[in-house]
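The numbers here are math on the coordinates, done by the rules we state, and not lab data. Quantities reported herein were computed from a predicted structural model and do not represent experimental measurements. All Cβ positions, even for glycine, are placed from backbone atoms using ideal geometry, and neighbour counts span all protein chains on display.
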Amino acid sequence: MSQGLINAIQSTQPSSIARRDFLKFSAVLSSTAAGGLLLGIQYVQAGGKSNAAKNAMQRPYLEDQANTILSPNAFIEINAAGNVTLVMAKVEMGQGVYTSIPMLIAEELEVDLKQVSLRHAPPNDKLYGDPMLGAQITGGSTSIRAMWEPMRQAGAICRNLLITAAANQWKVDAADCVATNGQVKHRSSNKSAGYGELALAASKLTVPKEVKLKTPEQFTIIGKPLHRLDTPDKANGLAEFGLDAKIANMHYAVIAVCPVFGGKLMSVDDSRAMASPDVIKVLTIDNAVAVVAKHTWAAKRGLDALTIEWDEGKNNTVSTQDLVNDLKKAAKKKGAVATNEGDFNKAFKQANKTFEASYEQPFLAHATMEPMNCTVHVTKNGCEVWVGTQVPTFAQKTAAAVLGIAPEKVKLHNYLVGGGFGRRLETDNIKIAVSFAKQMTVPIKFVWTREEDIQHDMYRPYYFDTLKAGLNQKGLPVAWSHRIVGSSIMARFAPDSVKNGVDADAVEVAKEPPYTLPNLYVDYVRQEPRGLPTAFWRGVGATRGTFVVESFIDELAHLARQDPLQYRLALLDKTPRLKNVVQLVAEKASWSNAKQSAKGKGISAMFAFGSYLGTVVDVSINAEHEVKVNKVVCVVDCGIVVNPDTVKAQIEGGIVFGLTAVLHDEITIKNGRVEQNNYNDYRMMRINETPVIEVHIVQSAEAPGGIGEPGTAAVGAALTNAIFAATGQRIRKLPVGNQLKKG
């Protein structure tokens with residue numbers, strides 16, 4: 001998911017709340033049944049008034065506040081024992097938000113981080129919608145960016161109320177009281193009271209209209225490298241993912257979907273399957289079969305025993321080359337204009353030197369460590385769903401649509417996610433599971449085998465980009481054009497966001513490059529891949545766009561016989577924070593010693609998700625022409641850092657994810673089918689291949705930027721630029737694979 005998606009969702013959610021519209025802050029208090037404090041934090045759009053009902057605070061899971069314009073985005077509960085609970089609107093999928101967001105509250109509330117516990121938020125866009133996205137979504141590297149101020153406000157309001165409650169009880173001036181470590185203390189008398197003792201009284205107070213937040217120099221938690229709260233349970237096996245759901249009387253099912261995209265089920269002979277031990281039933285829908293059994297292994301054996309006849313449809317002869325030919329043919333068309341600054345044609349004709357190059361990036365699968373799964377129980381009164389999803393409200397609505405019932409009749413239990421990367425922004429697995437489950441009356445856990453998962457993913461689109469540039473006598477660009485050809489994810493995910501034929505995600509980075517490029521022309525040609533479903537893949541727009549722009553700028557540097565670092569720096573004056581990280585990464589990576597025998601270093605610069613990254617990759621090539629990545633150095637300026645350990649871990653993981661894709665991965669199609677089926681032919685980077693990774697964080701007072709996707713987006717071009725430096729071979733088609741052996 002990318003900034004293009006963020007902008008798109010905002011533009012298509014007329015009742016959503018964008019951060020720029022947060023003009024008034026309000027909150028509603030109530031006491032809990034146990035005598036505690038429950039705080040609802042709300043933001044009101046311009047001209048709006050808060051009229052939240054008290055029972056909306058007491059029953060936040062059930063109240064939809066349909067008659068209001070409010071979107072509460074967090075609830076804090078302090079019970080009589082002084083325990084703090086956050087109803088967590090974001091999903092933890094390895095990015096660390098179950099630690100970093102509680103850090104924001106703990107900082108202002110003046111409690112130890114270990115005192116904050118979490119509950120998954122139920123699906124409710126009005127209560128738990130991301131203020132940057134306008135819906136309850138975890139993606140786009142927005143979690144900290146969106147929650148940076150609201151969560152601190154929530155903690156500060158609670159602290160203020162508790163101090164006021166203590167001051168009233170002691171009949172002293174609140175200014176002489178201080179909150180610390182879950183207590184309020186009176187400086188003069190040294191009286192103290194725990195938050196639990198004060199919670200009930202605090203719940204009866206009027207919420208302050210304004211609260212003062214800490215300044216960065218006052219932080220005692222934010223900015224510290226704290227251990228993640230979810231690590232112990234993940235290490236000892238207590239953490240629960242969707243795959244771990246256990247429901248009374250639950251059955252298990254595995255699925256086979258038509259192997260050809262767009263195909264249907266013609267017939268199935270289940271006689272052998274039903275004779276298999278522990279098989280209970282065989283279910284069918286229009287394009288798939290499921291075998292239900294007492295355990296997963298029995299279900300898989302039963303599925304293997306089926307005799308299935310598929311109607312493969314019109315796509316059963318389609319190959320990857322057919323789809324690439326479609327893209328190349330479409331590239332000859334004039335596209336929808338995304339950027340048109342100056343006069344490209346005139347400047348190009350008058351240029352001292354011209355250059356053109358095309359780049360190809362393949363289909364990619366998500367291949368999450370936790371295979372797709374979904375547990376469903378359909379009853380006469382509604383439905384329950386147990387699943388790990390990035391989009392709880394979308395998931396709820398999908399299940400409701402399949403059953404023809406109101407969304408509130410679907411109870412969704414969300415779990416930790418064992419890898420998302422955009423895959424669990426989709427709800428196709430929920431649609432299939434509910435379509436099968438409604439044929440039975442017991443809970444059923446549906447599990448996609450690794451093969452089914454990879455061969456029926458929602459894929460990162462194949463893109464074909466063509467760029468042209470004209471250079472002046474100094475070798476600097478005076479004309480730049482960029483044509484992007486590929487699938488439009490937005491046309492499906494948020495169709496109203498596609499304006500005048502331009503998919504904002506597809507043209508990200510390309511539309512507004514970080515460099516000074518006079519006479520800039522960028523257009524987009526939509527070309528769909530004949531039935532192949534496409535989706536977001538760890539920041540599609542920035543990931544694919546950065547690779548192309550940074551590859552091309554590197555080619556221009558070499559064409560101009562200039563150092564790639566100095567060439568970039570000469571063009572980055574309009575983006576000073578990016579220029580700074582590029583200079584720093586060159587220093588940290590010893591760029592001045594870049595040229596060595598059989599070795600090479602490549603560099604890339606990136607601005608996306610509100611963060612700035614400079615990356616240098618060091619490679620060597622052995623006698624068999626195999627690429628070995630020796631070291632990656634990355635400098636990141638992501639504004640104020642909540643937890644530096646999390647930032648480093650995210651960048652490191654993103655780099656490994658990106659290197660894996662660029663070196664090894666592609667989804668290929670033959671006879672309408674995906675050829676890859678498991679980690680043996682859709683490779684993950686092995687431990688022995690993993691390079692040394694250095695991450696350096698720039699100290700900054702700017703607002704936080706996103707960090708979940710930038711590492712992946714920034715590394716690809718730096719790698720292929722390094723390969724060129726070592727070998728003289730320019731990689732314009734991914735993955736690198738065995739291309740060097742052909743050189």
Of Thr449, Gly388, Val111, whose Cα points farthest to the positive end of the dipole of the chain (charges on the beta-carbon: +1 Lys, Arg; -1 Asp, Glu; origin at the Cα centre)?
-> Val111
Two-site FRET efficiency, Asn738 against Leu213, from Cβ-Cβ distance with R₀ of 60 Å, rounded to 0.05 | 0.65
Tell me the label-point distance for the pair Ala701, Leu559, using the 7 Å Cα-to-Cβ offset, in nm and rounded to one decimal.
-> 4.3
Would you kindly derive the ³J(HN,Hα) couplings of segment 563-580 from the backbone phi angles with the Karplus curve 6.51 cos²θ - 1.76 cosθ + 1.60 (θ = phi - 60°), listing them in order in whole Hz, with x for Gly and Pro?
-> 5, x, 5, 5, 4, 5, 4, 5, 10, 9, 5, 7, 10, x, 5, 6, 4, 5
Summing +1 per Lys or Arg and -1 per Asp or Glu among the other residues with Cβ less than 13 Å from Glu197's Cβ gives +2
Answer in debye to the nearest 20: the dipole magnitude of segment 418-487 about its Cα centre, from +1 Lys/Arg and -1 Asp/Glu charges placed on Cβ, is 260
Considering only DSSP beta bridges with both partners in the chain, what is the antiparallel share in %, to the nearest 5?
-> 75
For segment 294-338 and segment 368-390, distance of Cα centres in Å | 25
5 angstrom amide H check on His413, placed H, neighbours 5+ away = Val385, Trp386, Val387
Roughly speaking, what is the stretch gain from Glu356 to Met250, that is 0.36 nm per residue apart minus the C-alpha to C-alpha distance, in nm to one decimal?
-> 32.2 nm
Between Val692 and Tyr679, 0.36 nm times their residue separation minus their Cα-Cα distance comes to what?
-> 2.4 nm
Distance from the Cα centre of segment 410-473 to that of segment 676-743, in angstrom?
-> 23
When the label point is put 7 Å from the Cα of Lys204 along its Cα-to-beta-carbon vector, which residues of segment 165-191 have a backbone N closer than 15 Å?
-> 165-171
Gain on full stretching of the segment that runs from Arg119 to Asn345 - 0.36 nm per residue minus C-alpha separation | 75.6 nm
Sites Glu451 and Asp233, calculated FRET efficiency, Cβ-Cβ separation with R0 22 Å, nearest 0.05 = 0.15
Between segment 74-93 and segment 246-279, the alpha-carbon center distance in angstrom | 40
Compute the Cα gyration tensor for segment 105-235, then decide on rounded, prolate or oblate, letting a ≥ b ≥ c be the square roots of its eigenvalues: rounded whenever a/c is under 1.5, prolate when a/b is larger than b/c in the other cases, and oblate in all that remain.
-> prolate
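Grab the beta carbon distance between Lys329 and Lys171, set R0 = 51 Å, and tell me the FRET efficiency rounded to 0.05.
0.05
Mind running the shape call on the chain? Use the C-alpha gyration tensor, a ≥ b ≥ c as the square roots of the eigenvalues: rounded below 1.5 for a/c, prolate if a/b tops b/c, oblate otherwise.
oblate
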Where nothing but the Cβ of Lys and Arg (+1) and of Asp and Glu (-1) is charged, how large is the charge dipole of the chain around its Cα centre, in debye to the nearest 20?
-> 860
Residues in segment 446-466, backbone N under 12 Å from the label point at Arg492 (7 Å along the Cα-to-beta-carbon vector): list them, ranges by number please.
-> 456-462
